[in-house]
Amino acid sequence: MGIDVIRTGAAVGAEIRGVDLSRDLDDGEFDAIENAYNENGVIFFRGQSITPDRLLLLTKRFGNLQLNTFGETLGLPDFPGIVLVSNVEEDGREIGIKRAGENWHSDMCYTPKPPRGTILYAQEVPEIDGLTLGDTCFAATHAAYDALPDAMKQRLDGLIAEFDFAARVRAVPITQAQIEAFPPVTHPIVRTHPYTSRKCLYVMRDDCTGIAGLDDSEAQRLIEALADHIVRPEFVYRHVWQPGDVLVWDNCTVQHKAIQDYDLPLRRLMQRTTFAAESAPT
Ligand code: OGA
Ligand code: MN
């Protein structure tokens, strides 16, 4: 059976049909998947049933496994490369990262080399009488860049933004040790995608704390204007999850945000991996 790539019709996202991820993918199949991934920023496979080992094998086809600081305590038992994103509690203890990614963000932008991509494998999805909750939204940073007026594109050329993990303390509990492990880093506001060469905006509220050469209030104004521009509805794909979905996103091409519209006893459980960029975006 051949591989079909069905675009969502939004600015990003495509469903891949005709692939059973529990079986080995040959190079031709993986190439088709990787091309669809680069092109569409978000790809997903429905109705999958895979073991943790398979999830890790798939992840490593895209790039080296990259570990997340939150996985040290909230990993899948015996599989430290797989982090659980979940609101489920067992014996009074949270088994995964709860309320992960409630604000628009790109994963691990606070590190010198953010991961190329992230995979979520949906095990349990909250729903009420067939109405699914806990969607994830993805915003197309290349479409957002392309839509900027020329004057703004010129202004952004060469601008460097600062990202500070410590700023997260406003949103999630983080430890002093974590703050010390992640000193502030810088990234260009306009990143050239290493595979597609498309220009992508890389700015968000909260994580992005300044812009080199601009005073704080001017930087803040620009960060907020760009961050809001990127997530305009015309650039957004909203994924409605089904159990068995394996979804892969590109942390340069998209920003994402979890819709936190459910709570226990409705359960949400995802297995999550991240993989490194082969070459750092410039
Ligand atoms: C993440 C994340 C969003 C979600 O895992 O990096 O932001 O909807 N998750 O779970
Ligand atoms: Mn995230």
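Values for this structure:
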quantity	calculated
Filter result for Tyr145 (buried (at least 16 other Cβ atoms within 10 Å of the Cβ), away from ligand 1 (no atom under 12 Å from the Cβ) and among the aromatic types (Phe, Trp, Tyr))	yes
Candidate set: the stretch 185-205, residues that are open to solvent by 60 Å² or more (accessible area, probe 1.4 Å) and in contact with a helix residue (DSSP H, G or I) (Cβ under 8 Å, 6 or more places away or on another chain); chosen: the one nearest to Asn35 (Cα to Cα)	Tyr195
Unique residue being among the β-branched types (Val, Ile, Thr), away from ligand 1 (no atom under 16 Å from the Cβ), more than 21 Å from Gly117 (Cβ to Cβ) and at pLDDT 95 or above when the list is Thr175, Thr186	Thr186
Residue within the stretch 72-87 that is within 30 Å of Leu266 (Cα to Cα), part of a loop (DSSP other than H, G, I, E, B) and open to solvent by 20 Å² or more (accessible area, probe 1.4 Å) present	yes
Members of the stretch 216-256 found to be hydrophobic (A, V, I, L, M, F, W, C), within 16 Å of ligand 2 (Cβ to nearest atom) and part of a loop (DSSP other than H, G, I, E, B), listed by number	Val231, Trp241, Cys252
Residue ID - surrounded by the fewest Cβ atoms within 10 Å (Cβ to Cβ), chosen from residues in the stretch 106-131 that are among the β-branched types (Val, Ile, Thr), more than 12 Å from ligand 2 (Cβ to nearest atom) and at pLDDT 95 or above	Ile128
The stretch 92-115 residues that are in the same structural domain as Ala181 (by TED's automatic domain parsing), paired with ones that are within 13 Å of ligand 1 (Cβ to nearest atom) and open to solvent by 70 Å² or more (accessible area, probe 1.4 Å) (beta carbon under 9 Å, 6 or more apart)	none
Any chance Glu94 is among the charged types (D, E, K, R), under 26 Å from Gly41 (Cα atoms) and either surrounded by fewer than 17 Cβ atoms within 10 Å (Cβ to Cβ) or within 16 Å of ligand 2 (Cβ to nearest atom) (or both)	no
Check on Ala32, open to solvent by less than 60 Å² (accessible area, probe 1.4 Å), among the small types (Gly, Ala, Ser) and assigned to a helix (DSSP H, G or I)	yes
Qualifying position, being of a type in the set (Gly, Ala, Ser) and surrounded by fewer than 18 Cβ atoms within 10 Å (Cβ to Cβ), among Ala181, Ala100	Ala181
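The values are calculated or read from the model by the stated rules, or taken from the named source; none is laboratory data. A quick note: this is a predicted structure, and the numbers were derived from the prediction, not measured. Here Cβ is always computed from backbone atoms with ideal geometry, including for glycine, and neighbour counts include all displayed protein chains. SASA here: full protein model, heavy atoms, side chains in, ligands and nucleic acids out. Shrake-Rupley method; radii C 1.70, N 1.55, O 1.52, S 1.80 Å.
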